[in-house]
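Written out below as structure tokens is the structure these notes cover.
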Amino acid sequence: MKTLTVDLGIRSYPIHIGQQLLQQPELVTDHIRGRQVMVVSNETVAPLYLDKVLELLDGFDVATVIIPDGEQYKTLDTLNTIFDALLEKRFNRTCTLVALGGGVVGDITGFAAACYQRGVAFVQLPTTLLAQVDSSVGGKTGVNHALGKNMIGAFHQPGCVLIDTDTLDTLDDRQLAAGLAEVIKYGLIRDAGFFNWLEEHMDWLKERDKEALAYAIEHSCRIKAEIVAADERESGQRALLNLGHTFGHAIETGTGYGTWLHGEAVATGMLMAADLSARHGWLATADVERIATLLQQAGLPIHPPEEMDADQFIRLMAVDKKVIDSGLRLVLLKSIGDALVTGDFEARLLQETLDSAA
Ligand code: NAD
Ligand code: GLY
């Protein structure tokens, strides 16, 4: 087992990564506050792993909420069902919520923990690659609104992130690829050497080589933990983690939540950001090709949905959180491994990127 720390002073917490971790009770129970534990999972993950988690929590006063599966259920209505269960069971302020599932379950459970009785403890047990390398770490929690993704939420850090890499055995190939998009993102924004490693090992990752996956997860979490520790509330460098997300969120909203997977939308969005960076002369055209090749090798889409045109992109990008003071700010690339957040791009070139992609 590898353990990393998200260093946030007294709110620091461990990320444990390894196989068979869901069989080691103390890894979770050390981070349970009080006796009351609410496990939140969904109808797909619960049949696979809930029993294991309930065994871990033997001796606690445990209740469960099973939410429907899908991004389209990451809503205030679903959140309310968690509050209903907590109140019906008379959970108090010293309870702990446990998120067992992918990013949807993690984000909504974290938000429930942030709100319930003005904030209670929670633990992340991420079961998708995307959740293991990104969403479970860093304390961004929330739900979607019909007018924009993740528009309602809070920063609320978990007490622990427990990544049992064995849970990936049951994940389908499309979901694995979606997680690889976020892994590739870390190489692009921060670490050219890691990007090279991914180019060399993408076939291993696709074949689910355990060592390669464990290395990719650990390296991704290490980069994310460093960025979150330096800029928890996204006033600076944390925004780099949004590479491809402004384009990607437009795709997710434009096609209807759940049609394109988050990681797929981010993949196409990262290539659009790379294209725009190259149009400014910042990123070499050959590097745009390398990025497209790696994304394709990972099994990810690199072209936006056919039904979306440039005007729709512009409309949807304008409600993204990264719009500050009415100016659109984007994460762009200076090179592979070096990104910047800037509002200083040419609208004409953005239009060209959208016209050529969409
Ligand atoms: P998801 O939670 O919808 O999970 C994907 C699918 O895999 C679901 O059908 C789920 O039931 C299933 N699944 C989960 N674990 C499984 C397993 N072990 N075996 C078989 N099936 C399994 O999607 P996701 O890609 O994990 O997360 C996407 C969400 O994360 C989006 O809502 C996105 O906005 C959010 N996100 C949040 C952050 C953050 O910092 N909070 C970062 C990135 C993404
Ligand atoms: N996934 C973006 C962030 O955590 O900041």
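Nothing in this text is a laboratory measurement; each read-out follows from the coordinates by a stated rule. Quantities reported herein were computed from a predicted structural model and do not represent experimental measurements. No Cβ is skipped: glycine too gets one built from the backbone with ideal geometry, and neighbour counts run over all protein chains shown.
Here are the numbers for the structure shown:
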| item | result |
| --- | --- |
| Pair GLU211, LEU48: separation of 7 Å Cα→Cβ label points (nm) | 2.5 nm |
| Acute angle (nearest 10 degrees) that the helix 285-297 long axis makes with the longest principal axis of the chain, alpha-carbon atoms | 40 degrees |
| Test item: Cα-centred dipole of region 1-101, Lys/Arg +1 and Asp/Glu -1 on Cβ, debye | 360 debye |
| Proxy reagent accessibility, fewest Cβ within 10 Å first, across TYR186, TYR215 | TYR215, TYR186 |
| Length-normalised contact order for region 1-145 - Cα pairs under 8 Å, 6+ apart - percent | 23 percent |
| Estimated FRET transfer efficiency (SER235, GLU289; beta-carbon r; R0 25 Å; 0.05) | 0.15 |
| Label point distance in nm, THR5-GLU200, each placed 7 Å from Cα along Cα→Cβ | 3.1 nm |
| Within the chain: Cβ-based charge dipole about Cα centre, in debye rounded to nearest 20 (Lys, Arg +1; Asp, Glu -1) | 1220 debye |
| Approximate spin-label separation GLN117-THR170, in nm, with each point projected 7 Å along Cα-to-Cβ | 3.1 nm |
| Highest-first arrangement of 28-34, 237-243, 284-290, where packing means the average Cβ count within 10 Å | 237-243, 28-34, 284-290 |
| Value of Rg/Rh across the chain [Cα atoms, Kirkwood radius] | 0.96 |
| Helical mean residue ellipticity (222 nm; -39500 (n - 2.57) per DSSP H run of 4+; nearest 500) of the chain | -13500 deg cm²/dmol |
